[in-house]
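The values are calculated or read from the model by the stated rules, or taken from the named source; none is laboratory data. Every value quoted in this text rests on a predicted model; they were computed, and no experiment measured them. With ideal geometry, Cβ positions are generated from the backbone for all residues, glycine too; neighbour counts draw on all protein chains shown. Note: accessible area is taken over every heavy atom of the protein model, side chains too, but ligands, DNA and RNA are not part of it. Shrake-Rupley method; radii C 1.70, N 1.55, O 1.52, S 1.80 Å.
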Amino acid sequence: MIYPNPTKGALGVDITGGDTEESIRLILYNGQGVMLYTTNATQGVNIIEMSPFPKGWYILRVATEMKIEEFKIIKQ
C-alpha cells in the first residue's frame with residue numbers, strides 16, 4: 001500500500017505479507033527515468049520523504065528477488 005498519493009511530503013510504503021527474509025528495495029524515478037532515491041525496505045511502513053523533489057509525477061519501484069511492482073506517484 002502506498003499513501004498518501006498524491007502527496008505533498010512524506011510518502012508511506014506499507015509492505016506486508018511475503019517472505020520476511022526476502023530482500024526488498026525501493027527505487028524512486030522521476031518522469032524522465034532518472035533514479036532519484038533508493039533504499040532497502042523492511043516489512044511494515046517505510047517512509048520516503050518527497051519534500052526535496054519538485055511537483056510532478058514519479059515512478060516508485062518495489063523490487064524483491066522474485067517480483068517487481070511499479071506505482072505512479074504524484075507530488076503536489
For this session: Check whether at least one residue in segment 57-66 is under 11 Å from the mean Cα position of the chain (by Cα), open to solvent by less than 50 Å² (accessible area, probe 1.4 Å) and either modelled with pLDDT under 95 or among the aromatic types (F, W, Y) (or both), and report yes or no.
Result: yes
For this session: Only strands (runs of 3 or more DSSP E) wholly contained in the chain count here; list those with 3 or more residues that are free of Cβ contacts under 8 Å to residues at least 40 places away in the same chain.
Result: 24-30, 35-41, 44-49, 56-64, 68-75
For this session: Identify, by number, the condition in (1) touching a Phe, Trp or Tyr at 6+ places or on another chain (Cβ under 7 Å); (2) open to solvent by 80 Å² or more (accessible area, probe 1.4 Å) that P54 doesn't meet.
Result: (1)
